[in-house]
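See structure below.
Bear in mind these aren't lab numbers, they're just calculated from the coordinates by the rules spelled out. Keep in mind it's a predicted model, so treat the numbers as computed, not measured. Using ideal geometry, Cβ is built from the backbone for each residue, glycine included, and neighbour counts are taken over all protein chains shown.
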Amino acid sequence: MSSSPSKSPTPPTPADPALAAARKTRLFLGLVCFFAGAAIMVVEISAFRLLAPYFGNTIYTSTALIGVILVAFSVGGYLGGRLADRRPALDLIGWLLAGAAVLTLFIPALHMAFSLSLSASGVITGPLLISIVLFALPGVLLGAVSPASVRFYSLTQKDTHVGQAAGTISMLGSLGSFVGTFVSGFFLLSTFGVRDIFVGVGVLLVLLAVASLTLARSAKKPQIQVLVAGLVAGAVGWSSQSPPLQGVIHERESFYHHISVFEEGEAPHRRRMLALDSTQEGGMNPDTGELILAYQQYWKLALLRDPAEVRSALFIGAGAFGMPENVSRDFPQAAVDVVEIDPQVIEVGREFFKLDDHPRVNAHAADARRFLHLAGDRKWDMIFGDAYNGRHAIPSHLATREFFQLVSDHLETGGVYIMNIIAAVNGPKSELASGMIATVRQVFPHVEVFDVEALARYPRERARNIILMCSAEPLKPLIVDRYAAAGSWQERLIRTHLPAGTVPRSDIVFTDNHNPVDAIIARGLLE
């Protein structure tokens with residue numbers, strides 16, 4: 001019986017080169033959309049820090065910036081889809097990325113060229129125009145990457161899975177935006193300068209553009225052109241620096257602010273001031289420790305009580321640490337706490353504002369409301385509220401009935417809460433003052449108001465420092481019925497007291513549920 005011949009094993013089928021190329025293209029498109037999504041969020045978040053020193057950290061600046069980028073991204077979405085239909089070649093992605101890269105690299109230079117002049121255009125027009133100049137075109141080009149990628153991703157599957165292509169690209173772009181948001185907020189802005197961040201984003205986009213052109217099997221010439229354009233734009237962007245401002249002795253970036261320290265005059269009459277973004281936050285004479293801003297003297301309202309001393313004090317917002325240091329110097333046994341949300345402001349206080357010379361002043365890097373929530377049974381006999389976030393802007397969660405109740409709960413019997421606000425006494429800009437007074441009166445039965453600029457005959461329709469003194473105990477006898485020697489600090493402060501009939505009034509009460517503080521401040525700036 002003969003055996004049938006054995007069959008040789010079937011050799012493995014080599015992988016289809018077209019399928020392998022398609023998989024490589026899909027992987028690359030996914031990476032491109034991930035990094036493009038990350039790039040647009042890094043640019044958007046860093047843009048707030050770029051614009052704040054010139055245009056302020058106001059609701060108008062953020063609205064203009066977000067609005068321009070959203071419109072640009074929408075236009076880019078339409079443009080990317082049209083271009084991908086008309087030119088279904090992968091090098092289109094490369095050219096979109098290259099254009100976005102070069103424009104992003106130029107942002108620091110354009111910022112230096114236009115921001116100062118446009119900052120005089122108003123609190124709405126200025127931020128809107130500079131956002132268009134700096135971010136509209138790169139936003140359009142980055143926005144075009146995603147729909148074009150959907151088209152090319154779908155082509156690698158012969159348009160049999162269009163929904164899957166759109167879903168995959170959308171998912172990866174959103175994940176990139178998520179990563180870009182977290183990396184910007186938690187790492188980049190505290191580690192690098194804003195200029196460096198824009199240059200870094202531009203370099204990343206250049207590399208992606210070159211990789212895209214290479215994958216599209218373009219000739220070497222386009223890659224070289226993109227690299228040269230990126231090199232030139234990067235050099236221009238990297239060399240663009242703000243001209244040194246007169247008197248600036250220190251600058252740094254933090255999570256929250258662009259921090260500047262200014263100095264003027266000669267010893268022993270120097271004036272050293274702290275600025276956060278576009279706003280001066282406080283100052284002192286570094287030779288003597290004396291306070292140089294009029295409103296800083298109003299912590300002494302606490303000394304109108306009997307006994308005229310401060311045993312414990314909490315300052316909400318550090319400013320330049322002048323007030324807490326004065327309390328500690330005048331009352332060496334007092335426990336003085338300062339809660340400041342920005343750790344870098346505390347470091348600047350140690351380096352430039354004598355904080356280490358006052359060991360009884362304890363600085364806490366924390367949000368004031370959270371700090372009070374975690375303070376347990378701790379109480380102070382004076383709390384001074386001086387927290388600001390941008391031009392005239394009190395953080396809204398520190399301007400509600402619930403917050404003031406928290407403050408009241410942490411005051412000793414007979415303690416006082418003193419608050420600095422920037423508003424007008426009369427006219428449209430008094431809306432903030434009237435609302436704030438109405439709100440603190442929901443918690444404190446006794447509220448007295450002081451106009452810091454009263455003695456300077458400053459028009460009451462213009463914004464100025466207004467001091468609120470609040471307590472559960474009667475305050476009027478300390479002010480109205482008190483004799484103060486002419487020329488004394490007591491007499492100077494008492495003379496700025498506003499009689500009840502001249503205090504602005506409102507029925508609006510700010511609460512955690514309904515708090516129009518940001519809008520009111522914005523309207524005041526617009527007026």
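Once the other residues with Cβ under 15 Å from the Cβ of P324 are scored (Lys, Arg +1; Asp, Glu -1), what is the net sum? Charge balance near P324 sits at -4.
Each helix, a run of at least 4 DSSP H residues, gives -39500 (n - 2.57); summed and divided by the residues of the chain, these come to -15500 deg cm²/dmol at 222 nm. Proximity of backbone amide H atoms, modeled 1.01 Å from N, is registered between E281 and L274, A275, L276 at under 5 Å, excluding neighbours fewer than 5 places apart on the same chain. The mean sequence separation of alpha-carbon pairs under 8 Å and at least six residues apart, normalised by the residue count of the stretch 17-239, gives a relative contact order of 38 percent. Sequence-distant contacts, meaning Cα pairs under 8 Å at least 6 residues apart, place the relative contact order of the stretch 137-236 at 17 percent. Annotation: aspartates and glutamates with alpha-carbon distance below 13 angstrom to K476 (same-chain offsets under eight excluded): E448. Backbone phi angles across the stretch 414-424, fed through the Karplus curve with coefficients 6.51, -1.76 and 1.60 (θ = phi - 60°), yield HN-Hα couplings of x, x, 10, 10, 10, 9, 9, 10, 10, 6, 8 Hz in residue order; Gly and Pro are listed as x. Take every DSSP beta bridge whose two residues both sit in the stretch 294-526; close to 45 percent of them are antiparallel.
Close amide H pairs (under 5 Å, H built 1.01 Å from N) link F384 with L314, F315, I316, I418, residues at least 5 positions away or on another chain.
Against the chain, whose longest principal axis comes from its Cα atoms, helix 343-352 is set at around 60 degrees.
Based on Cα contacts under 8 Å between residues 6+ apart, the stretch 294-526 shows a relative contact order of 19 percent.
Within the straight-line cut-off of under 28 Å between alpha carbons, the lysines reachable from K221 are K24, sequence neighbours fewer than 8 places apart in one chain being disregarded. All alpha carbon pair distances within the stretch 294-526 were sorted into 10 Å bins beginning at 0; the resulting P(r) in whole percents reads 8, 34, 39, 19, 1.
Summarising the strand pairing of the chain, around 65 percent of its internal DSSP beta bridges are antiparallel.
Applying both filters, DSSP loop and at most 14 other Cβ atoms within 10 Å, to the GluC sites (Glu not before Pro) of the stretch 188-272 gives E266.
Against the main long axis of the alpha-carbon atoms of the chain, helix 431-440 sits at an angle near 70°. Compared with the dominant Cα axis of the chain, that is its longest principal axis, helix 137-155 is turned about 40°. Among DSSP beta bridges lying fully in the stretch 243-395, give the percent that are antiparallel, nearest 5. Once the DSSP bridges in the stretch 243-395 are tallied, antiparallel ones form about 55 percent. Note on F255 and Y458: with the Förster distance fixed at 35 Å, the Cβ-Cβ geometry gives a FRET efficiency of about 0.50. Summarised in one figure, the compactness ratio Rg/Rh of the stretch 422-527, Cα atoms and Kirkwood Rh, is 0.99. For the stretch 450-467, backbone phi angles converted through the Karplus equation (6.51, -1.76, 1.60; θ = phi - 60°) give residue-by-residue couplings of 10, 9, 4, 8, 4, 6, 8, 6, 6, x, 6, 7, 9, 5, 7, 6, 10, 10 Hz, Gly and Pro being listed as x. Counting only Cα atoms, the size of the chain along its three principal axes is 127, 61, 45 Å, in decreasing order. Our coupling estimate for the stretch 84-101, obtained by passing each phi through the Karplus curve with A = 6.51, B = -1.76, C = 1.60 and θ = phi - 60°, is 5, 6, 7, 9, x, 10, 5, 5, 4, 4, x, 5, 4, 5, 5, x, 5, 5 Hz, Gly and Pro reported as x. If you take the Cα centroid of the stretch 462-515 and the Cα centroid of the stretch 83-98, the two points sit 65 Å apart.
Need one word for the stretch 166-279: rounded, prolate or oblate. Basis is the Cα gyration tensor (sqrt eigenvalues a ≥ b ≥ c); a/c below 1.5 gives rounded, then a/b vs b/c decides. Because a/c hits 1.5 or more and a/b fails to exceed b/c, the stretch 166-279 counts as oblate.
Given DSSP loops and a limit of at most 10 other Cβ atoms within 10 Å, what is the longest stretch of the chain that contains no such trypsin sites (Lys or Arg not before Pro)? The longest such stretch corresponds to 218-456. Normalised by 2.2 N^0.38 Å, with N the number of residues, the alpha-carbon radius of gyration of the stretch 17-239 equals 1.02. Sites listed here are GluC sites (Glu not before Pro) in the stretch 403-472 whose DSSP assignment is loop and whose Cβ has at most 16 other Cβ atoms within 10 Å: E461.
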